[in-house]
1. Only one residue in 216, 252, 286 is in contact (Cβ under 8 Å) with a residue 40 or more places away in the chain and either within 16 Å of the ligand (Cβ to nearest atom) or more than 22 Å from residue 351 (Cβ to Cβ) (or both). Which one?
2. Could you tell me whether residue 212 is under 19 Å from residue 41 (Cβ atoms) and either surrounded by 21 or more Cβ atoms within 10 Å (Cβ to Cβ) or at pLDDT below 95 (or both)?
3. Among the residues of segment 75-99 satisfying the criterion of being outside any helix (DSSP H, G or I) and buried (at least 23 other Cβ atoms within 10 Å of the Cβ), which is nearest to the ligand (Cβ to nearest atom)?
4. Would you be able to say whether some residue in segment 56-69 is out of contact with any strand residue (DSSP E or B) (no Cβ under 8 Å at 6 or more places or on another chain) and not assigned by TED's automatic domain parsing to the domain that holds residue 329?
5. Quick one: which residue in 311, 348, 327 is surrounded by 18 or more Cβ atoms within 10 Å (Cβ to Cβ), assigned to a loop (DSSP other than H, G, I, E, B) and touching a strand residue (DSSP E or B) at 6+ places or on another chain (Cβ under 8 Å)?
6. Conditions first: (1) in a loop (DSSP other than H, G, I, E, B); (2) within 13 Å of the ligand (Cβ to nearest atom). Residue 72 passes all but one, so which condition is the exception?
7. Give the residues of segment 8-51 that are surrounded by fewer than 16 Cβ atoms within 10 Å (Cβ to Cβ), touching a residue at least 60 places away in the same chain (Cβ under 8 Å) and out of contact with any helix residue (DSSP H, G or I) (no Cβ under 9 Å at 6 or more places or on another chain), sorted by residue number.
8. Could you check segment 190-209 and list, in sequence order, the residues that are away from the ligand (no atom under 16 Å from the Cβ) and either modelled with pLDDT under 95 or outside any helix (DSSP H, G or I) (or both)?
Ligand SMILES: Cc1ncc(COP(=O)(O)O)c(C=O)c1O
């Protein structure tokens with residue numbers, strides 16, 4: 001039986017009518033840019049995170065870019081990021097003319113290793129950007145303590161972690177800015193690109209609202225150079241249809257993850273995801289295994305038509321576009337090893353028991369082979 005890594009169609013089967021109705025309403029009122037649905041989405045996501053403001057933007061990448069810009073990151077500055085993440089995390093730093101400083105990760109969570117952050121801080125450091133990879137928050141208490149000691153802002157890359165909780169606190173609510181992506185594969189996915197930044201501070205939100213409209217402070221008056229990065233009203237309308245399901249969907253992912261954890265516990269050479277004590281809600285945007293036999297397992301999965309993906313096969317310090325930064329190959333060994341061993345498998349809410357059993361049996365057979 002073929003098992004896809006993800007299948008949006010199953011969600012849309014039961015949401016299609018509501019989604020079509022929501023789009024029709026937007027066509028009727030015609031406020032395609034920053035319409036009423038955008039405002040409602042901003043309020044609801046801010047409430048979900050327990051903070052005052054949400055500022056919806058064109059993508060998760062733009063959320064990071066605008067948040068760093070709002071922190072004042074400019075040419076010559078440095079921003080501390082984990083070595084292992086989606087490209088945007090590092091790319092946005094370079095786009096502002098600053099230098100990403102790559103820090104190695106924890107071997108169990110794949111999140112930035114707080115023990116290594118302080119060594120990476122210099123007098124050019126302008127911000128710290130932890131990533132809550134795969135849906136589990138980085139160790140924010142320790143990260144925030146370091147940031148406060150050095151008086152540095154923290155931008156949470158919570159693109160993969162909407163609704164996740166760290167000691168009961170929402171992902172995105174602990175730093176100065178929390179950035180989310182609504183890319184279709186996220187737990188809350190749009191029908192295209194979309195993102196949002198949350199923040200508790202009025203002045204941060206005001207700056208972000210200007211930045212997303214060309215730095216505009218009054219009609220055709222620009223007090224800063226900004227971007228064109230507004231969330232489409234249609235995307236907001238669709239996200240509002242999906243938002244009430246988010247918690248249940250994440251709980252279904254947790255159930256799938258528990259079943260995988262149990263099934264793989266005794267399979268040699270397979271390492272299942274580690275959930276830290278501080279993780280009070282892991283949203284499993286990805287269920288990510290590790291194995292020294294990964295490449296053989298992936299070849300078998302390919303043959304069996306079982307969906308998988310490697311997030312991520314190349315750590316930042318080995319990316320060709322960052323060669324000029326002068327890192328040595330495998331300079332950050334934990335990230336380098338993760339890139340060679342991890343792979344993610346189907347964990348979406350609508351995955352059936354039969355499909356999951358097929359994935360479990362195939363991986364167990366390949367790992368033992
Ligand atoms: C960790 C991380 N950061 C940033 C992004 C960028 O988000 P987007 O694809 O919406 O631009 C993503 C998602 O794709 C992500 O997974």
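The values are calculated or read from the model by the stated rules, or taken from the named source; none is laboratory data. If you're wondering where the values come from, they're calculated on a predicted model, not measured in any experiment. A quick note on method: Cβ atoms are made from the backbone with ideal geometry, for glycine too, and the neighbour counts reach across all protein chains shown.
1. 286
2. For residue 212, the condition - under 19 Å from residue 41 (Cβ atoms) and either surrounded by 21 or more Cβ atoms within 10 Å (Cβ to Cβ) or at pLDDT below 95 (or both) - is met.
3. Top of the filtered list is 85.
4. Checked segment 56-69: at least one residue is out of contact with any strand residue (DSSP E or B) (no Cβ under 8 Å at 6 or more places or on another chain) and not assigned by TED's automatic domain parsing to the domain that holds residue 329.
5. So the residue among 311, 348, 327 that is surrounded by 18 or more Cβ atoms within 10 Å (Cβ to Cβ), assigned to a loop (DSSP other than H, G, I, E, B) and touching a strand residue (DSSP E or B) at 6+ places or on another chain (Cβ under 8 Å) is 311.
6. Here residue 72 meets the rest and fails (2).
7. Answer for segment 8-51, where residues must be surrounded by fewer than 16 Cβ atoms within 10 Å (Cβ to Cβ), touching a residue at least 60 places away in the same chain (Cβ under 8 Å) and out of contact with any helix residue (DSSP H, G or I) (no Cβ under 9 Å at 6 or more places or on another chain): 8, 10, 50.
8. Across segment 190-209, the qualifying residues are 199, 200, 201.
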